[in-house]
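Participant: Before I ask anything, let me first share the structure, which is written out below as structure tokens.
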Amino acid sequence: MALKQFNPTSPARRGLVLIDRASLWSGKPVKALTEGKTKTGGRNNMGHATARGIGGGHKQRYRIVDFKRRKWDMAATVERIEYDPNRTAFIALITYTDGEQAYILAPQRLTPGDQVVAGRKVDVPGELFYCGYSIKDLVAAHAEDFGYEETAFLLLTGCLPTAAQLERFCSYLRSQRALPPRFRKELVDLVNDSMMNSLQLSITSLYGEDPNPDSTRIEDVTRHSLDLIAKFPALVAYAYHAMQYKYRGRDLRLISPLDTGATAENFMHLFRAGSGYTLDEAKLLDLFLVLHAEHGGGNNSTFTVRTVSSSETDTFSAITAGIASLKGHLHGGANEKVMAMFAQAKEAIKDWRDREEVAEYLRRILRRQAGDGSGKLYGFGHAVYTISDPRALLLKDVCADLARSRGRADEYALLTLIGELGPQIIEELKPGKRTCANVDFYSGFLLDCLGIPVELYTPLFALARVAGWCAHRLEQLVQNRLIRPAYYNPIEQRRYVPLSERG
């Protein structure tokens, strides 16, 4: 069972999913796993129709589906995928290792030959998909060029662009990169000593530059989204330079955006203020942007954007709400904490290759005897991934080559050793807690090797994620219902006591 590539013809059809039924089993179900239909289902137990126009085909046999998965912690192999017409659902025939067969509901992307197991909690290698496409395939497809623009197009439309569509999309983004002249003049007064707060103020200022900022028409919201994606590199780079000028006494270097090249190239050009960058550096930043562009609607900032959008507020307010969420160290600022922890580890560990010394230092962190005293190993654990974070694996391979080229192989060796030992030490001191190194564990090292200061780590996360935020906002508005929290108040009713009677 696979999702078909689908090109929606209208905004209302963006969420429509088509299923490829070519590989479905077309024969009869397993007789031992069926039972006769009753007359309420159109046929009686003899298989004879009891109501005109009802029944037919395999509707006369009712497949017995094991909803509760009676065999726990026993592996099974998927034999075939079938369509159950009585439930209008896809089901899989599986064979357990002891030979017993059963029908189960078939999750998306389950195929014959797959191994499945039912357990209270089953750990599997992590996967990440953008609109049905594996992040590994998207990254591999752009190993020699830039992929963020295609990724943004995919997220916003739900489909991959043709060459002509991608060129038109990139051309429009390039045409919208420049910030209004008035904005550049007022930037120094606008920024403060917090990059994320400065970004919020900058985006709020762009609200006043738009001809129709409050519109929630899909055409206008799409235009708002593209303008923000295009302008975000300048917003981040200019805010950083203005902050350095205002609070650090450095020269103010604001140059015009590139009118050619990719988003990653444009940011490196603006950040370096014309002092130069290599193509490989821009490609590495592009990889960072692709890996951070989206991660579903369950993460805090994306859910915040969807919640705020459901009230039909303007695009600029919705994106500033996402930035406010991303500012927190439990979400977007985690790689900053990782690099701070890594800097302390380099100072405290005498022999970077001594596994036992490194392991003991990690134990001391978890016991609040080292590190920042929080008892946390930053860069480990995730709400979704337990065995592996696919984004971390992709970054790990890239960082290995980057570290060698920058003369930082010893640092990388220590980082990977911490990444290897961290989950073991966490499970040792917290039995039953399974973790893995996540994307933040390696992303900070990547940015550090590119010479990007820690103040820009989370703003660059926002630069990448704005495409995902805008895509979720569009999806929310197309099928909008106001999102309300399910809140339970455990306090019982009480009698009001006048102030004079309170002791």
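The values are calculated or read from the model by the stated rules, or taken from the named source; none is laboratory data. As the structure is a prediction and not an experimental result, all values here were calculated from the model. Glycine also receives a Cβ, built like all others from the backbone with ideal geometry; neighbour counts cover every protein chain displayed. Heads up: the accessible areas ignore ligands, DNA and RNA and are worked out on the full protein's heavy atoms, side chains in. Shrake-Rupley method; radii C 1.70, N 1.55, O 1.52, S 1.80 Å.
Participant: Whole percent per 10 Å bin, from 0 to the bin with the longest distance: what is P(r) over all C-alpha pairs of segment 361-408?
Facilitator: 23, 27, 41, 8
Participant: So which trypsin sites (Lys or Arg not before Pro) in segment 403-503 pass both tests, a DSSP loop state and at most 15 other Cβ atoms within 10 Å of the Cβ?
Facilitator: Here the sparse-neighbourhood loop sites are ARG406, LYS433, ARG434, ARG481, ARG494, ARG495, ARG502.
Participant: Please name which of LEU179, GLY99, THR88 has its Cα lying farthest along the dipole of segment 69-224 towards the positive end, using unit charges on Cβ (Lys, Arg +1; Asp, Glu -1) and the Cα centre as origin.
Facilitator: Highest projection toward the positive end goes to THR88.
Participant: Could you give the nm distance between label points at ILE483 and ASP193, where each point is 7 Å from its Cα heading toward the beta carbon?
Facilitator: 3.4 nm
Participant: If you don't mind, another one. In terms of the ratio Rg/(2.2 N^0.38 Å) built on C-alpha atoms, what value belongs to segment 421-503?
Facilitator: Output field value: 2.04.
Participant: Around LEU128, under 10 Å between beta carbons, what's the net of Lys plus Arg minus Asp minus Glu among the other residues? Walk me through the numbers on the way to the answer.
Facilitator: Values: positive: LYS136, ARG391; negative: GLU127, GLU294, ASP389.
Every neighbour counted, the sum reads -1.
Participant: What does the charge dipole of the chain about its Cα centre add up to, to the nearest 20 debye, if the Cβ of each Lys and Arg holds +1 and the Cβ of each Asp and Glu holds -1?
Facilitator: 2180 debye
Participant: Can you give the Kirkwood hydrodynamic radius for segment 142-258, in Å, rounded to one decimal and based on Cα pairs?
Facilitator: Numbers: mean 1/r = 0.0637 Å⁻¹.
Computed over Cα pairs of segment 142-258, the Kirkwood hydrodynamic radius comes out at 15.7 Å.
Participant: What size of dipole, in debye to the nearest 20, comes out for segment 147-301 about its Cα centre when the only charges are +1 on Lys and Arg C-beta atoms and -1 on Asp and Glu C-beta atoms?
Facilitator: Computed about the Cα centre, the dipole is about 480 debye.
Participant: Leaving out ligands and nucleic acids, note down the accessible area per residue over segment 227-373 with a 1.4 angstrom probe, in whole Å².
Facilitator: For segment 227-373, the solvent-accessible area averages 41 Å² per residue.
Participant: A further question follows. I'd like the FRET efficiency for ASP372 and ARG21, computed as 1/(1 + (r/R0)^6) with the beta carbon distance as r and R0 of 41 Å, rounded to 0.05. Mind showing how you got there, number by number?
Facilitator: On the way: r = 54 Å, r/R0 = 1.33.
Efficiency, from the Cβ-Cβ distance: 0.15.
Participant: Below 19 Å, Cα to Cα, which aspartates and glutamates can LYS246 reach? Residues fewer than 8 away in the same chain don't count.
Facilitator: By straight Cα distance, LYS246 reaches GLU186, ASP189, ASP193, GLU455.
Participant: Rounded to a whole number, what is D in µm²/s for segment 287-351 from Stokes-Einstein with the Kirkwood radius over alpha-carbon pairs (4 °C, 1.567 mPa s)?
Facilitator: Working: Rh = 13.8 Å.
Approximately 94 µm²/s, per Stokes-Einstein.
Participant: Roughly how big is segment 140-234's charge dipole about its Cα centre, with Cβ charges of +1 (Lys, Arg) and -1 (Asp, Glu), in debye to the nearest 20?
Facilitator: Around 220 debye, computed over segment 140-234.
Participant: With bins 20 Å wide starting at 0, give me the P(r) of the chain over every alpha carbon pair, in whole percents.
Facilitator: Going out from 0 Å in 20 Å bins, the chain shows 19, 45, 29, 7, 0 percent.
Participant: Return one number: the angle in degrees, 0 to 90 and rounded to the nearest 10, between the long axis of the Cα atoms of helix 315-326 and the longest principal axis of the Cα atoms of the chain.
Facilitator: In the chain, helix 315-326 runs at an angle near 90 degrees to the longest axis.
Participant: Measure of size requested: the Rg and Dmax of segment 223-316, with Cα atoms as the atom set and Å as the unit; please supply both.
Facilitator: Final numbers for Rg and Dmax: 15.8, 44 Å.
Participant: Place a label point 7 angstrom from the Cα of ASP145 along the Cα-to-Cβ direction, then list the residues of segment 264-287 whose backbone nitrogen is under 13 Å away.
Facilitator: Counting only backbone N, you get no residues.
Participant: GluC sites (Glu not before Pro) within segment 429-500: which are DSSP loop residues with at most 15 other Cβ atoms inside 10 Å?
Facilitator: Working: sites: GLU455, GLU475, GLU492; in loops: GLU492.
Here the sparse-neighbourhood loop sites are GLU492.
Participant: Over segment 351-430, what is the relative contact order in percent, taking alpha-carbon pairs closer than 8 angstrom and at least six residues apart? Display every interim value, and only then the final one.
Facilitator: Working: 49 pairs, mean separation 32.3, N = 80.
The value is 40 percent.
Participant: For the chain, what's the relative contact order in percent, using C-alpha pairs closer than 8 Å and at least 6 residues apart?
Facilitator: Value for the chain: 14 percent.
Participant: Okay, next question. Tell me the Kirkwood radius of segment 399-462: reciprocal of the mean inverse pair distance over distinct alpha-carbon atoms, in Å.
Facilitator: 13.1 Å
Participant: How long are the semi-axes of the ellipsoid equivalent to segment 63-207, from square roots of 5 times the Cα gyration tensor eigenvalues, in whole Å, largest first?
Facilitator: 50, 20, 15
Participant: So, one more: Please find the FRET efficiency linking GLU420 to VAL497, where r is the Cβ-Cβ separation and R0 is fixed at 56 Å, and quote it to the nearest 0.05. Walk me through the numbers before you get to the answer.
Facilitator: Values: r = 61 Å, r/R0 = 1.08.
After rounding, the FRET efficiency stands at 0.40.
Participant: Leaving ligands, DNA and RNA out of it, report the carbon-plus-sulfur percent of the accessible area of the chain at a 1.4 Å probe.
Facilitator: Carbon plus sulfur share of accessible area: 51 percent.
Participant: Just add up the charged neighbours of ALA237: K/R +1, D/E -1, any other residue whose Cβ is under 13 Å from the Cβ of ALA237.
Facilitator: It works out to a net charge of +3.
Participant: In the structure displayed, which of LYS283/LYS376; LYS71/LYS433; LYS350/LYS430; LYS283/LYS350; LYS346/LYS430 lie more than 28 Å apart, Cα to Cα? Mind showing how you got there, number by number?
Facilitator: On the way: LYS283/LYS376 32 Å; LYS71/LYS433 24 Å; LYS350/LYS430 26 Å; LYS283/LYS350 35 Å; LYS346/LYS430 25 Å.
Flagged as over cut-off: LYS283/LYS376; LYS283/LYS350.
Participant: For the chain, what is the mean residue ellipticity at 222 nm derived from helices alone (per DSSP H run of n ≥ 4: -39500 (n - 2.57); sum divided by total residues; nearest 500 deg cm²/dmol)? List each step's numbers first, then the result.
Facilitator: On the way: 16 runs with 227 residues, N = 503.
Helix-only estimate at 222 nm: -14500 deg cm²/dmol.
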